[in-house]
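The values are calculated or read from the model by the stated rules, or taken from the named source; none is laboratory data. Please read these numbers as outputs of a predicted model, since none were measured by experiment. So basically every Cβ, Gly included, is an ideal-geometry build from the backbone, and we count neighbours across all protein chains shown. For the accessible areas, the whole protein counts, side chains as well, though only heavy atoms, and no ligand, DNA or RNA atoms are used. Shrake-Rupley method; radii C 1.70, N 1.55, O 1.52, S 1.80 Å.
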Amino acid sequence: MNVSSPAKTLGPGALGSQPDAAPYRTDGDARFRPIETVPALPIASELFRAFNEAGLKYGIIQDLASLHDGFAGRDDLDVLLDKHDYPVFCSIVCRLHGRRSVSLSCYDNVCAGREDWFLPDFSCGRYLHLDMHIGARVGREFRKRYPAFDYAAITRWESICIDGVLVPVVSPEDELRIAIARFAFRAWALPWRQWITVDDSWKQHFARLPVPSDEQGLQVVDYTFGGAETVRCRFLQSANGLAAHRADLARLRRSIRKMCGYSGRFAIADAAIHLARKTCYLSLRSLQRLMPGRFPPKRRPAAGGFVVALIGPDGMGKSTQASRLTQIFGWKFGCAQVYVGTGDGNGWWLRKALQSAVFPHRRRLKSLAQNDGKDSSGRAWSKGGAAAAALAFWAVLIAFERYAVVKRAHRWATRGLIVICDRWPQALGRGYLDGPTIPPRLFSVPGLSVLARLEQRLYRKMAECRPHLVLHLVSDFAVSEQRKPGDIRKEAFDARLSLMAELRAQDKDIRTVDASAGIEAVGRELFRHIWLSL
């Protein structure tokens, strides 16, 4: 493939400088372009250094303007890899704790030779997204079936410098060719229109078109696939904007299909399958917004969903860290957050309405319930009995709600979601860490004993539905008092820590995290534990 005239180079304003680094070249004409505008994640330089040392044939095929966010972990990186180097690529990525995701077939990123890989950076608590291609495929948005550009088809690679590591990137003219081939399958216009207007989303990709070749302002790009006839794509720059010639794009599509072994009749099949998949995609995304967790997410870990429980006394930052982790993992994976407590988090509207009404009188009701059998006054006994019955019903309602949340968390995990749970019920101790709350003496009270046994049965069922990973946030009472003054007494705080130690003695897989550090440091440690368990 060759361009009829030289393409424009990127302006120097988008680049930094690093005179001490030697340029990495893949051929004699390759140019060196350093990037230091945005700090890259340390894992990026470690990954590409390993690629270079192993001699992999690879390169990044995307606009240079988006590379800053890609290396910083805010966007994906499109990596084109030679097919023969795929086993070495997998070994390097797995050695760096990389994880691969899978998607439903209705999504646009599902096609042969394309995989999503994610590499963690434990020092920053974030991850790098690699969109790995064995041959850049073109086609309709939901029907990318034509591998038009493999590694050998790129005529020239350039280089950028990331923290002293040289990374090959596609040259501007090859990037332009790939963009035009993709646009040829995406463009649409009325049948009688000879020129197809390039919309704003594509104009940035065509900024490197050759200079006009004649007085009419035509800009021409030539393609040659596999020794076949040359296809010329004409672009016209006018007052109305940039437009592409309709017949040229049609010839380019036919040439690409022919090179891949497909005849013209596959154009109708491509359109039909694209329409069916896009309809399925839009319907599924709409249903996901209306009924969260009921359908598989767009991306999920290859090993399946995962349930994580954060447990700790008040003031340890459970809710804050659950929200942060949901945001971090939800960037690319299907992720959900659930609340298993009875505080200000999400919950049943009936329970929250009753709680708001009873909350101002909770201490008096507990006192009546505790002294109902010790007062000789019949009126006082009746009040205490009513309070005890109300608290028993209240405890069973909470147990049912927690049981529903626990079952829902595991259902979401079977559909591929990463579920971050704020708290998790336990059946070992009463009154602490979201455990049973009905006092043991009510087991002997006629009528209330049924509710007490029902609560015990629910908590035993919840104990059988263990999370895949349990993380205990531990610290001393001073940290809790500093973060939430007056929320919990020292005796209750110590009782929770003692119960957590007893839980860890029964389950050796429970991991502890020091919650006395800052939010960022604790978040990085939690991220590391979760990622290594995916």
Checklist entry - Which fully enclosed strands (runs of 3 or more DSSP E) of the stretch 80-178 have 1 or more residues being surrounded by 21 or more Cβ atoms within 10 Å (Cβ to Cβ) and of a type outside the set (S, T, N, Q)? => result 114-121, 126-133, 136-140, 143-149, 157-162, 165-170
Item to check | Members of the stretch 136-162 that are of a type in the set (Val, Ile, Thr), more than 17 Å from Phe48 (Cβ to Cβ) and touching a Phe, Trp or Tyr at 6+ places or on another chain (Cβ under 9 Å) | outcome: Val138
Checklist entry - Name the residues in the stretch 205-217 that are crowded, with 19+ Cβ neighbours inside 10 Å and either over 19 Å from Val138 (Cβ atoms) or of a type in the set (Gly, Ala, Ser) (or both), would you? => result Pro210
Checklist entry - Can you name the residue in the stretch 477-494 that is open to solvent by 30 Å² or more (accessible area, probe 1.4 Å) and out of contact with any Asp or Glu (no Cβ under 9 Å at 6 or more places or on another chain) and is also farthest from Thr320 (Cα to Cα) among such residues? => result Glu491
Checklist entry - Is there a residue being within 30 Å of Phe333 (Cα to Cα) and in contact (Cβ under 8 Å) with a residue 24 or more places away in the chain anywhere in the stretch 384-394? => result no
Checklist entry - Among (1) open to solvent by 80 Å² or more (accessible area, probe 1.4 Å); (2) over 38 Å from the mean Cα position of the chain (by Cα), where does His245 come up short? => result (1)
Checklist outcome for this item: Taking the stretch 263-310 and the residues there that are in contact with a Ser or Thr (Cβ under 7 Å, 6 or more places away or on another chain) and basic (Lys, Arg), the one that is nearest to Ile510 (Cα to Cα) would be Arg300
Item to check | Boolean, Val419 is open to solvent by less than 60 Å² (accessible area, probe 1.4 Å), in contact with a Cys (Cβ under 9 Å, 6 or more places away or on another chain) and not in a helix (DSSP H, G or I) | outcome: yes
Checklist entry - For Gly315, which of the numbered conditions (1) out of contact with any Ser or Thr (no Cβ under 6 Å at 6 or more places or on another chain); (2) closer than 30 Å to Asp507 by Cα fails to hold? => result (1)
Next on the checklist: Testing Phe333 on (1) aromatic (Phe, Trp, Tyr); (2) open to solvent by 80 Å² or more (accessible area, probe 1.4 Å); (3) modelled with pLDDT of 90 or more, one condition comes back false. Which one is that?
Outcome noted: (2)
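How do the strands (runs of 3 or more DSSP E) wholly within the stretch 214-329 filter down when requiring 2 or more residues that are modelled with pLDDT under 85: which remain?
218-223, 231-238
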Item to check | Residues (touching a helix residue (DSSP H, G or I) at 6+ places or on another chain (Cβ under 7 Å), of a type outside the set (Asp, Glu) and surrounded by fewer than 21 Cβ atoms within 10 Å (Cβ to Cβ)) located in the stretch 399-416 | outcome: Phe400, Tyr403
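Any idea which residue in the stretch 501-534 is surrounded by the fewest Cβ atoms within 10 Å (Cβ to Cβ), counting only those that are among the aliphatic types (A, V, I, L, M) and without any contact (Cβ under 8 Å) to a residue 24 or more places away in the chain?
Among them, the one singled out is Ala505.
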Next on the checklist: Here is a check on your reading of the model: is Trp202 open to solvent by 60 Å² or more (accessible area, probe 1.4 Å) and either over 30 Å from Cys280 (Cα atoms) or not polar (S, T, N, Q) (or both)?
Outcome noted: no
Next on the checklist: Here is a check on your reading of the model: is Asp248 among the acidic types (Asp, Glu) and touching a residue at least 24 places away in the same chain (Cβ under 8 Å)?
Outcome noted: no
Checklist outcome for this item: If you go through Leu503, Leu497, Leu454, the only one that is closer than 15 Å to Ala399 by Cα and assigned to a helix (DSSP H, G or I) is Leu454
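May I ask you to verify whether Gly217 is over 28 Å from Ala267 (Cα atoms) and either out of contact with any strand residue (DSSP E or B) (no Cβ under 7 Å at 6 or more places or on another chain) or without any contact (Cβ under 8 Å) to a residue 40 or more places away in the chain (or both)?
yes
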